[in-house]
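The values are calculated or read from the model by the stated rules, or taken from the named source; none is laboratory data. Remember, predicted model here, so these are calculated numbers, not experimental data. Heads up, the Cβs are rebuilt from the backbone with ideal geometry, glycines too, and the neighbour counts pull from every protein chain shown. To get the accessible areas, we keep the full protein, side chains included, count just its heavy atoms, and leave off ligands, DNA and RNA. Shrake-Rupley method; radii C 1.70, N 1.55, O 1.52, S 1.80 Å.
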Amino acid sequence: MSAGSERRAAAAPRAVPAPRASRVELRLSCRHLLDRDPLTKSDPSVLLLLRSQNQWVQVDRTEVVRSSLHPVFSKVFTLDYYFEEVQKLRFEVYDTRGPSDLGYQDDDFLGGMECTLGQIVAQKKVTRALLLRFGRNAGKSTITVTAEDISGNNGYVELSFRARKLDDKDQAQPLPLLQDLFSKSDPFLELYRVNDDGSEQLVYRTEVVKDNLSPVWEPFKVSLNNLCSCEETRPLKCLVWDHDSRGKHDFIGEFSTTFEEMQKAFGEDQAQWDCVNAKYRQKKRNYKNSGVVILADLKSYRVHSFLDYIMGGCQIHFTVAIDFTASNGDPRNSCSLHYINPFQPNEYLQALVAVGEICQDYDSDKRFSALGFGARIPPKYEVSHDFAINFNPEDDECEGIQGVVEAYRNCLPRVQLYGPTNVAPVISKVARMAAAEKSTGEASQYYILLVLTDGVVTNMADAREAIVRASYLPMSIIIVGVGNADFTDMQTLDGDEGVLRSPRGEPALRDIVQFVPFRELKSASPAALAKCVLAEVPRQVVEYFSYRELPPRGLGTHTHDAGPERAGQPGVRPVSVSSTLGVP
């Protein structure tokens, strides 16, 4: 593999999850936990388990909140939600004895709660009593789980805070401990959003910076949905504390802002706020603040969805290519795969209509290119592998899916089925259209090629070469195998089992091929067939435009560097945001 090929492979876009389920974020808090520590309070964490194949499987675990019987956890659990499934969850609370990544076998069990994800989603907020073994109540202990649908989440932000001249709470104690006489505050910051009902939701808790009145906290990433419910004017509160190992953190001060204000202030180099302790303000005549908190960096990342592009005016250009090789059998014979049965559409028509009727909703002019390959065509009856089935080489488009069906039926008696099965020319033909679209520098067109074939591609090397070239273009290829042939070799064109490479070793930039044998879905509904063959298209669309850093039309450019007022660069590659939040 050449150095250039390695660089291109390394530059391949990240996979973007296909929107096959709603995404739900779960946030947790507890009240009145049992105190298992004789000298201090419990150090709780919560384990999330999912019922799968009649057993509980560990999914994730929160951070440990030290010395607290009323913890609010900053770790967010993100789950796929399926309406049609019963998803049983179990939350187990433990007093953690050691590092949380070492397991929980030696931890003290403080109680558990079981429910379904559907119950949480339906109620949005569930508070249940924690139960010990054998169904006994764990005192007054409760756990609260709050759910949010983040399917429409459109980005995230990276924030970095620092502070200057914070109050030294260690020296302010009436009777400071001996170690406090020689130390300073150990500050950490908490960021909350204010909900519509006035309640406050913890968004992020920074790490503790030891013995420092001008701390610099590590940058952190948070989704816009988590930060402000994608409402930039929603109130936010920042609280600064002096960490105490016994859980009795000393309040230093707070300030309020909004994400909109953060962006504006940062753009004007004025992103700093007085950290105010209301009690000191009331008591001290000349009190100004308990330090200053500064927004050191703000980077805004927009993650566009498939619907963002579609609603931005991106058109899906649909092309069908039909196999007219002799292996299909004489269309006049009822055993032929091309036989036109007046009572039952053949497999070619079933696949064409099922997929086409979905795609036509995304094409404003409802005109579709329809090509054929592997036949001798009039007037000279020379073999062609990319002919228009309406026999108009100047305009191969048909009016609607029904127009494609009629052109297919009219074409059958006029061609001589021949061979070989060569799909490279039709791939290259659509690729030329997609290449012209690429040069516009806009997310305005995406091309889907549906190839319907009864056999394995004859010249696999040419097909691989054409697909690798097409992987750099706004294009996806769906291949439906019709009939009962052995399609094992066709699986190599589908990149699910590894990166497809050209005969020269060039890797495909993206996985753009989906292969489906029709016989596996023959008894299923047309909707099931369409869902199967089109399942990867939304991901492929987002993946391509994100790799090209093209935002949806109408949104203009969107920076990934310190807000729209600064860099003015186009949209960024989608990045999967997971909450790995620090905790004191």
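Would you work out what percent of the accessible area of segment 459-518, with all protein chains in place, is carbon or sulfur (probe 1.4 Å)?
Carbon plus sulfur share of accessible area: 46 percent.
Taking a Cβ cut-off of under 10 Å around residue 369, the surrounding Lys, Arg, Asp and Glu residues balance to a net charge of -1, with basic ones at +1 and acidic ones at -1.
Identify the chymotrypsin sites (Phe, Trp or Tyr not before Pro) of segment 321-391 meeting these criteria: DSSP loop state and at most 14 other C-beta atoms within 10 Å of the C-beta. Those satisfying the criteria are 343, 381. For segment 277-396, the fraction of 1.4 Å probe accessible surface lying on carbon and sulfur atoms is 49 percent.
List the GluC sites (Glu not before Pro) in segment 343-428 that DSSP assigns to loop (not H, G, I, E or B) and whose Cβ has at most 12 other Cβ atoms within 10 Å. Which are they? Don't skip to the end; give the middle numbers.
Values: sites: 347, 357, 382, 394, 397, 399, 406; in loops: 394.
Counting only loop positions with at most 12 other Cβ atoms within 10 Å, the GluC sites (Glu not before Pro) in segment 343-428 are 394.
For segment 329-392, trypsin sites (Lys or Arg not before Pro) meeting the loop criterion (DSSP other than H, G, I, E, B) and having at most 16 other Cβ atoms within 10 Å: 332, 366, 380.
In a fully extended conformation the segment linking residue 31 and residue 55 would gain 5.8 nm over its present Cα-Cα distance, using 0.36 nm per residue.
So what is the accessible area of segment 206-275 per residue, in Å², with the probe set to 1.4 Å?
Averaged over the residues of segment 206-275, the accessible area is 45 Å².
If I compute solvent accessible area with a 1.4 Å probe over the protein chains, what percent of it on segment 176-261 is carbon and sulfur? C and S atoms contribute 49 percent here. Using the 1.4 Å probe convention, the accessible area of segment 327-452 works out to 46 Å² per residue with neighbouring protein chains retained.
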